[in-house]
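Okay, structure first, notes after.
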Amino acid sequence: MPSSDAPSSSIRGSQLASDFTVSLDIDRRMYREDIAGSIAHAEMLAKQDIISESDAASIVEGLRKIQDEIESGEFEWKPDLEDIHINVESRLYELIGEAAGRLHTARSRNDQVATDARLYAKRVAAECRSACRQLQRALLDRAEENIETVVPGYTHLQRAQPVTFGHVLMAYFEMFGRDAASFTQAETSADVMPLGSGALAGATYPLDREFVAERLGFSAISKNSMDAVSDRDFILDFIFATSKTMTHLSRLCEDIVIWSSEEFGFIRLSDAYSSGSSMMPQKRNPDFAELIRGKTGRVYGSLISVLTTLKGLPLTYNRDLQEDKPPLMDAAVTTLSSLTAARGMIAEMTVHADQMAAASEGRAILATDYADHLVRDGGLPFREAYVQVAAHTRGEATGNVDFPEISAADSLAARDVPGGTAPSRVREAIINGYGDLWSARLGGEW
Ligand code: ARG
């Protein structure tokens, strides 16, 4: 990464050049992928008699040692060696000498970096999907406790009809279920192995690309070397999935901010997810919810950033592509931490059912129920019923039209269609939800 200070005139030209082109601070986060890719490549080279077994063995041993050094913090990172790939290769020279020079046979940094980025994208897509599933689990648990809890449902942020709080939480359960599926798609899109594409045109050695793919856990090999070294669609797919997830998180957080306000008082956030004001002792600010809402913009920015980087590129690899990793990694880290924080907020919030019930009282919120009653039992056309109900909710006389007592509970129970808010339907949705999560678990999704 370039240093944050503006380059001063005292910086030598070459230093400035290397600060400008270096990507180590970012791409070192995929050291595991880089090392795994190199090990698979070296083993394939030996299997194909392109390098000797003993060279391959010392390469693999050296690479494993480098991984240990990185993980124990001993590894000496050298920014002037530009990126993760050169840092690892150069250390390999120090450790095993000349044999290190054979690792890069039939390989270019272009197919190497594409492979590393795909392995990284697969890993974070799976982590994000798992985090979605865990958030869904928290939503289900809280929904189950609130199958009968009455709360106003809103349109235009105006009280519209009573619903159950369980139904509200299950709406978010649905959203994060779709997000989990999007992460699976993103994982599939990254699941193609580029090694063997060389710099752009393929390689002159008898490679076994399928072997490398299998070693690295890829389901397929790329079909066109020129596309393979310059395709970053899998990054777009992943960041789009994170953007959509952040949209849902941001909506949830906006609801949380509203529900936890003094005006609504529907929930209380736990201390871990709110903070006091330095000036006003009475305040409990929903900082985590606000930060998730705020970070959504960063993730959208990452999507636009990669789209824009890609749009003007001629075939094949261009150095512009190095700019793919900061948005990829930032979107991954931001979305994962946001999903985790949202899960904690949901799991730990206190639900004030009494406040929710109080806000659900009164004739106004039952207006649709009265209209439905006049239609069903009084034989009125719906439009006429609407006029009568409007007068009734304003407390005006309504002549000979008769309004029975309707409670919020009656209103809920009446919405007994699949997908409706009747407690029996919400219970059914929750049971199905647990079933879906259980199959996702068996399928190794989380
Ligand atoms: N750091 C580069 C990247 O992230 C690696 C590939 C460099 N390839 C090259 N031909 N300069 O894209």
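Applying a 10 Å radius around every beta-carbon, put 398-404, 64-70, 190-196 in order of their mean neighbour count, most first. Write down the numbers at each step before the final one.
Working: 398-404: 11.6, 64-70: 16.1, 190-196: 24.1.
Top to bottom by mean Cβ count within 10 Å: 190-196, 64-70, 398-404.
Would you mind putting 283-293, 73-83 in packing order, based on average other-beta-carbon counts within 10 Å, highest first?
Values: 283-293: 18.2, 73-83: 13.9.
Per-residue mean Cβ counts within 10 Å order the peptides as 283-293, 73-83.
Can you send over the carbon and sulfur percentage of the accessible area for the chain, probe radius 1.4 Å, protein chains only? Let's see the in-between values first.
Details: 11000 of 21400 Å².
Carbon with sulfur: 51 percent of the solvent-accessible area.
In the structure shown, do any of LYS78/LYS122; LYS78/LYS311; LYS244/LYS325; LYS78/LYS325 have a Cα-Cα gap over 21 Å, and if so which? Could you put the intermediate results ahead of the total?
Values: LYS78/LYS122 27 Å; LYS78/LYS311 32 Å; LYS244/LYS325 19 Å; LYS78/LYS325 19 Å.
Over 21 Å apart, Cα to Cα: LYS78/LYS122; LYS78/LYS311.
Considering the range 257-339, what Rg and Dmax in Å follow from its alpha-carbon atoms?
Reported Rg and Dmax, both Å: 19.1, 60.
Give the residues of the range 67-94 whose amide nitrogen is closer than 12 Å to a point set 7 Å from the Cα of SER18 in the direction of its Cβ.
In the range 67-94, the label zone of SER18 (backbone N under 12 Å from the point 7 Å along Cα→Cβ) covers 78-83.
How much net charge surrounds SER407 when only other residues with a Cβ under 15 Å from its Cβ are counted (Lys, Arg +1; Asp, Glu -1)? Present the calculation step by step, with values, prior to reporting the outcome.
Values: positive: ARG363, ARG415; negative: GLU148, GLU361, ASP369, ASP372, GLU405, ASP410.
Once positives and negatives cancel, what remains is -4.
In degrees from 0 to 90, rounded to the nearest 10, what is the angle of the helix 109-145 Cα long axis to the longest principal axis of the chain?
Roughly 20 degrees, rounded to the nearest 10.
Take the alpha carbon atoms of the range 181-205, find their center, do the same for the range 275-341, and report the distance between the two centers in whole angstrom.
Cα centres, the range 181-205 to the range 275-341: 25 Å.
In units of 2.2 N^0.38 Å, what is the alpha-carbon radius of gyration of the chain?
On the way: Rg = 29.0 Å, N = 446, 2.2 N^0.38 = 22.3 Å.
After normalising by residue count via 2.2 N^0.38 Å, the value is 1.30.
For the chain, find the longest principal axis of its Cα atoms and tell me its angle to the long axis of helix 287-311, 0 to 90°, nearest 10.
50
Students often check this: by mean Cβ neighbours within 10 Å, which of 432-443, 323-334, 125-136, 260-271 ranks highest, and how do the rest follow?
Working: 432-443: 13.5, 323-334: 21.1, 125-136: 23.2, 260-271: 15.8.
Sorting 432-443, 323-334, 125-136, 260-271 by mean packing, highest first, produces 125-136, 323-334, 260-271, 432-443.
Output the 0 to 90 degree angle, nearest 10, between the alpha-carbon long axis of helix 84-96 and the longest principal axis computed from the alpha carbons of the chain.
For 84-96 against the chain, the angle is about 40 degrees.
Using a Förster radius of 41 Å, what is the FRET efficiency between SER54 and ARG29 based on their Cβ-Cβ separation? Nearest 0.05, please. Could the numbers behind the result be given before it?
Numbers: r = 32 Å, r/R0 = 0.79.
Once the sixth-power term is evaluated, E becomes 0.80.
Indicate, rounded to the nearest 5 percent, the antiparallel portion of the DSSP beta bridges found entirely in the chain. Spell out each step's value before the answer.
Working: 10 of 12 bridges.
Here the antiparallel bridges make up roughly 85 percent for the chain.
Please calculate how many Å² of accessible area the chain carries per residue, with a 1.4 Å probe and no DNA, RNA or ligand atoms counted.
On the way: 21400 Å² over 446 residues.
On a per-residue basis, 48 Å².
With Cβ to Cβ distances under 10 Å as the rule, what net charge do the other residues near SER189 carry (K, R +1; D, E -1)? Mind dumping the intermediate values first?
Details: positive: ARG118, LYS122; negative: GLU187, ASP191, ASP231, ASP233, ASP237.
Charge balance near SER189 sits at -3.
The values are calculated or read from the model by the stated rules, or taken from the named source; none is laboratory data. This structure is a prediction, so every number in the text was calculated from the model and none was measured. As a convention, Cβ positions derive from the backbone with ideal geometry for all residues, glycine included, and neighbour counts pool all protein chains shown. Just so you know, the surface numbers come from the protein's heavy atoms only, side chains and all, with ligands and any DNA or RNA stripped out. Shrake-Rupley method; radii C 1.70, N 1.55, O 1.52, S 1.80 Å.
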